[in-house]
Ligand SMILES: Cc1ncc(COP(=O)(O)O)c(C=O)c1O
């Protein structure tokens, strides 16, 4: 199988990720932070190690502000629902995934208002439009870092500056970029950043992270056992326990730590250049095939390696099915959980076929994809 679906989840993982998950389950399978014995302490060290890896990768200095969740969706729900109250207003964009749109639609039922700033047909957002959408009661700005439909990069530094000028919290959905594009939290005006552990960070499914800046205090979404202050009936206030009730996915987090360590060891820019090489090849080759429409920005600087296309007027899920069954190529067809983005680029009916190469794909595999698409245009 040629796996071109890394925007959904990365596969395969680097070998040390599999080893770390297994070792954690076999050797340190205790519950971290709960008991005082050695195995529990070792399990606790695994959590700390992964938080430290996250700090290294994103230039953050407090590992306890890296909160573990089960996916980017949970991170986004915590950041949004933990910071918003009835009467508040939120500014976001028309390129957001349903993991932003759906929590907002729920909040809109409870006296919260949201403005969805419209992107252009390439998925690009003008920061000035964000500024114009701000109201007196705006409490939160949310943007994706890169669209999972068009690959368009959103100018988060400029938007963050606007948020700071207006003393509004800024939440970045880095599900598509964390681990792939270098992100320096020490210099970015970002207050919260939601990440999937299982995409660019190369960890297993069931892992996610929310970075919370020092000046931000959220309402927790759940209360329960934390292994700390166990004599109290009230949930602890301190991080990370405030946001991490119940037993964590320690084996998954062990794998996530190994994934980030792999990125740091190999060098993030080197890994990124593997993806951009394939992305460039794809974009150049696709433009030469009559009958293929490519979405998103043409300029490489404005996009990541998420390449959405259509073959003539064919339904995108039909084409993705043929790629799978006839050509052994794994892509994703249809709407990618982002109907607002499809409405923006005009593909709500047809959807798109999304190729998302990862660090282990080869140029030869990309060539096979292009050959398959050439044949499909002759249908
Ligand atoms: C832009 C974006 N945000 C959020 C998510 C949700 O991520 P997760 O599946 O880790 O909850 C995705 C998943 O594809 C995404 O692409």
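What follows draws every value from the coordinates through simple rules; no lab data is involved. If you're wondering where the values come from, they're calculated on a predicted model, not measured in any experiment. Don't worry about glycine lacking a Cβ; one is built from the backbone with ideal geometry, like all the others, and counts go over all protein chains shown.
Over the chain, what is the relative contact order in whole percent, taking alpha-carbon pairs under 8 Å and six or more residues apart? Show your work: numbers first, answer last.
Details: 781 pairs, mean separation 92.5, N = 379.
Worked out over the chain, it gives 24 percent.
Over the Cα atoms of region 206-254, Rg to Rh with Kirkwood Rh, two decimal places? All intermediate terms of the calculation are to be shown ahead of the outcome.
Details: Rg = 11.6 Å, Rh = 12.0 Å.
Here Rg/Rh amounts to 0.97.
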Problem - Residue of 189, 290, 103 that the Gaussian network model of the chain assigns the largest fluctuation, springs spanning Cα pairs under 10 Å - result: 290
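Listing 279, 266 from the residue with the fewest other Cβ atoms within 10 Å to the one with the most, what is the order? Walk me through the intermediate numbers first.
On the way: 279 22, 266 13.
Result, fewest neighbours first: 266, 279.
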Exercise for the section: Post the alpha-carbon centroid distance, region 326-379 to region 53-87, in whole angstrom. Expected result: 31 Å
Practice task
May I ask for the angle, rounded to the nearest 10°, between helix 38-58 and the longest principal axis of the chain, with both axes built from Cα atoms and the value confined to 0 to 90°?
Solution key: 50 degrees
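Taking the inverse of the average 1/r across all pairs of different Cα atoms in region 239-334, what Kirkwood radius in Å do you get?
Values: mean 1/r = 0.0592 Å⁻¹.
Mean inverse Cα-Cα distance, inverted, gives 16.9 Å.
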Handout entry: Degrees separating the helix 268-287 axis from the principal Cα axis of the chain, which is the longest one
Key = 30 degrees
Exercise for the section: Between the alpha-carbon centers of region 231-309 and region 143-212, tell me the distance in whole angstrom. Expected result: 10 Å
Problem - Order of 48, 373 under a 10 Å beta carbon neighbour criterion, fewest first - result: 48, 373
Exercise for the section: Could you let me know the centre-to-centre spacing of region 14-41 and region 124-142, using Cα atoms, in angstrom? Expected result: 44 Å
Problem - Cα-based shape type of region 26-153, given that a ≥ b ≥ c are square roots of the gyration tensor eigenvalues and the cut on a/c is 1.5 - result: prolate
Handout entry: Cα long-axis angle, helix 250-266 against the chain (0 to 90 degrees, to the nearest 10)
Key = 60 degrees
Practice task
Counting other beta carbons within 10 Å of each Cβ, put 300, 192, 1 in order, fewest first.
Solution key: 1, 300, 192
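Which of rounded, prolate, oblate describes the chain, given a ≥ b ≥ c as roots of the alpha-carbon gyration tensor eigenvalues and a/c under 1.5 marking rounded, otherwise prolate only if a/b is larger than b/c?
Values: a/c = 2.05, a/b = 1.28, b/c = 1.60.
Here the chain falls in the oblate category.
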Practice task
Determine the shape class of region 127-244: with a ≥ b ≥ c the square roots of the Cα gyration tensor eigenvalues, call it rounded for a/c under 1.5, and otherwise prolate if a/b is greater than b/c, oblate otherwise.
Solution key: oblate
Practice task
With springs connecting C-alpha atoms under 10 Å apart, model the chain as a Gaussian network and identify which of 144, 50, 226 has the largest mean-square fluctuation.
Solution key: 226
Handout entry: Gain on full stretching of the segment that runs from residue 25 to residue 294 - 0.36 nm per residue minus C-alpha separation
Key = 92.4 nm
Completion exercise
Note: region 328-379, point scatterers on Cα, Debye, no solvent; log10 I/I(0) at q = 0.25 Å⁻¹ equals -0.98
Practice task
With label points built 7 Å along Cα→Cβ from the Cα atoms of residue 301 and residue 120, find their separation and express it in nm.
Solution key: 1.5 nm
